Amino acid sequence: MQVITHLRELPPVPVQAVIINCGTRWVSTLALLSTLRHAGLPVLVIDCESADGSERHFHLLSRQAGIKFHWLAWPLRPHGVTLDRLFSEIAADTVLLVDSDVDIRDAGLVDDMCRHLREHGDAYGAGFLQPGEWLGPPQHLLPPRTGYFAERMWIPLVLLRTAPVREAIAAGASFMARRPFQEIAGYPRLSRLLGYRFRVPGLRHISWPQPVARGGSAALWVDGTRPAFVDYDTGAALHAQLTAGAHPLAAMPVARWGGVHHYHGVTRARLGGVLRAAAAKLGMVSKQSQAEPLTAEEDAKQRLAAHYGIDIAGLA
């Protein structure tokens, strides 16, 4: 484990894997080891003010397992802010983002992602496409076609070209999640105020007249309908701007999703609503991945011992 204090201290490499650890040392350990084994890329672990002894843990892991990786301490910020900074400062041509709660189990997946990206020269990245869908009953208790979950790159594991992402961020785009309200075209604050009714059970079904035509508005339309609001989860707004600028995502076949195990709910308490519904629909969620964080930690420990020969007691 080599500690650095700035991204410019990283050795120049064409592809750099990055894992962001925020107090999830055991699942982050599994993410690190599965990336080293199945991706074969240099790995940077960015630690954001972990209070669980992560730094000592990874020092011990490095000695016990004889592995090499870089360690960088950053302040704890919203995930989108951290990703914006990462792509604004890193020198690598391509970055493989690996969520701290991801376990790569397909030995050829990352190689195929790299090849897929090379074959699509205009693409901003390669990975799985998480499709957009309407937020509605039963998960959100909303009237049909009210809110829309925007299409995005599947952020837990995605390979991104640095240059187009950096250019988009410099132009004002961001990885940050956001939820614009758009019922009253051109008046986002009034639209947000009107949107508060969706929080009140007795007011949720009060409708607002739909506009007849788009009228040049920048609002998102879906199948001829303008949603009252749009959920842009992490990376979705950036994906929208890049694809609008002729930089598509080189999408991997959905069947390959089975090669990635994602412990949903470790870095977020729960994957709720449309995210869990979409994940289940696409086969991204297993019974184990729906477990509480403690169960996910224990499962990660078992895999570390069984598949990577890690002395769990020695690390603990």
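Side notes on the structure shown:
- Note on the range 68-149: Cα-Cα pairs beyond 20 Å make up 58% of the total pair count.
- Cβ-Cβ distance of R8 and A163, R₀ of 22 Å, FRET efficiency by 1/(1 + (r/R0)^6): the value works out to about 0.80.
- Cα gyration tensor, the range 11-53 - rounded (a/c under 1.5), prolate or oblate: oblate
- Global geometry of the chain, whether rounded, prolate or oblate, following the gyration tensor of its Cα atoms and the 1.5 cut on a/c: prolate
- Using a cutoff of 8 angstrom between alpha carbon atoms and counting only pairs six or more residues apart, the relative contact order for the range 72-200 works out to 29 percent.
- Part-to-part distance (alpha-carbon centres) for the range 26-51 and the range 165-181, which is given in Å: 26
- The residue list G195, P248, I169 was ranked by how far each Cα lies along the charge dipole of the range 140-260 toward its positive end, using unit charges on Cβ atoms, and G195 comes out on top.
- DSSP-defined antiparallel bridges as percent of all bridges, the chain, nearest 5: 45
Read-outs: derived from the displayed coordinates by stated rules, not from any lab. What you are looking at is a predicted structure, and each value in this text was computed from that prediction instead of being measured. In this analysis, Cβ positions are derived from the backbone assuming ideal geometry, glycine residues included, and neighbour counts consider all displayed protein chains.
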